[in-house]
Amino acid sequence: GENVEQHPSTLSVQEGDSAVIKCTYSDSASNYFPWYKQELGKRPQLIIDIRSNVGEKKDQRIAVTLNKTAKHFSLHITETQPEDSAVYFCAAHFFYGGATNKLIFGTGTLLAVQP
Amino acid sequence: DVKVTQSSRYLVKRTGEKVFLECVQDMDHENMFWYRQDPGLGLRLIYFSYDVKMKEKGDIPEGYSVSREKKERFSLILESASTNQTSMYLCASRSRTVVAEAFFGQGTRLTVV
């Protein structure tokens, strides 16, 4: 079945360092890969996404890379700040044809940025 | 601003009770989802719906059912609540477009005692 694996489950970095979170997906037909950030006590919110026809996408300090052959994608955060501390979820879009499609999420990474 | 609203922020129910969790979205989205969030397990899909009266099982549908009588409303039903259903429940909606963002409700923290 459809599956998204995410590593690591926890990540602690010093302020200013970089953080990398990696995900793999099972279905080679998946074509859309968003990343969500969930701050403590809040709802998940989209921070960046990438389509399967793109290898890399960047938005200020955040970048996402995609390797379709290997079926993995990664989130890169540079110059981390305390406000980056949150749980990050990767997701993959699975399409069944017609109107049926769904997002499957990874298990999440708790990122702690130490001041 | 897209708004996804869940009917309750916190709920405490007794074992065996029938529990209804309601979710309403105001952006005319076709797709709606119910996820369960547990520490270390991420967001697990319970059920989803891609149109009115249409539903599909997710990864963990056992013990749950859903109802989508109107496009804007998606209900999650626990037929007979059990303690292992104590969790955070998140509703989400998104349009049919592949690259559409999923918008989440604020979550319902359900405790079954």
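The values are calculated or read from the model by the stated rules, or taken from the named source; none is laboratory data. If you're wondering where the values come from, they're calculated on a predicted model, not measured in any experiment. Every residue, glycine as well, gets a Cβ built from its backbone with ideal geometry; the counts of neighbours run over all protein chains shown. Side chains included, ligands, DNA and RNA excluded: accessible areas come from the protein's heavy atoms. Shrake-Rupley method; radii C 1.70, N 1.55, O 1.52, S 1.80 Å.
Odds and ends about this structure:
- For region A:17-30, the criterion of being touching a residue at least 12 places away in the same chain (Cβ under 8 Å), among the acidic types (Asp, Glu) and either in contact with an Asp or Glu (Cβ under 7 Å, 6 or more places away or on another chain) or outside any loop (DSSP other than H, G, I, E, B) (or both) is satisfied by at least one residue.
- The set of residues from region A:42-57 being in a loop (DSSP other than H, G, I, E, B), surrounded by 14 or more Cβ atoms within 10 Å (Cβ to Cβ) and free of Cβ contacts under 8 Å to residues at least 12 places away in the same chain comprises just one member, A:Arg43.
- In region B:7-22, the residues that are part of a loop (DSSP other than H, G, I, E, B) and out of contact with any helix residue (DSSP H, G or I) (no Cβ under 8 Å at 6 or more places or on another chain): B:Ser7, B:Ser8, B:Arg9, B:Arg14, B:Gly16, B:Glu17, B:Lys18
- Strands (runs of 3 or more DSSP E) contained in region B:23-77 and holding at least 3 residues open to solvent by less than 70 Å² (accessible area, probe 1.4 Å) and away from chain A (no Cβ under 14 Å): B:64-70
- Residue ID - farthest from A:Gly106 (Cα to Cα), chosen from residues in region A:3-41 that are surrounded by fewer than 19 Cβ atoms within 10 Å (Cβ to Cβ) and facing chain B (nearest Cβ under 8 Å): A:Asn31
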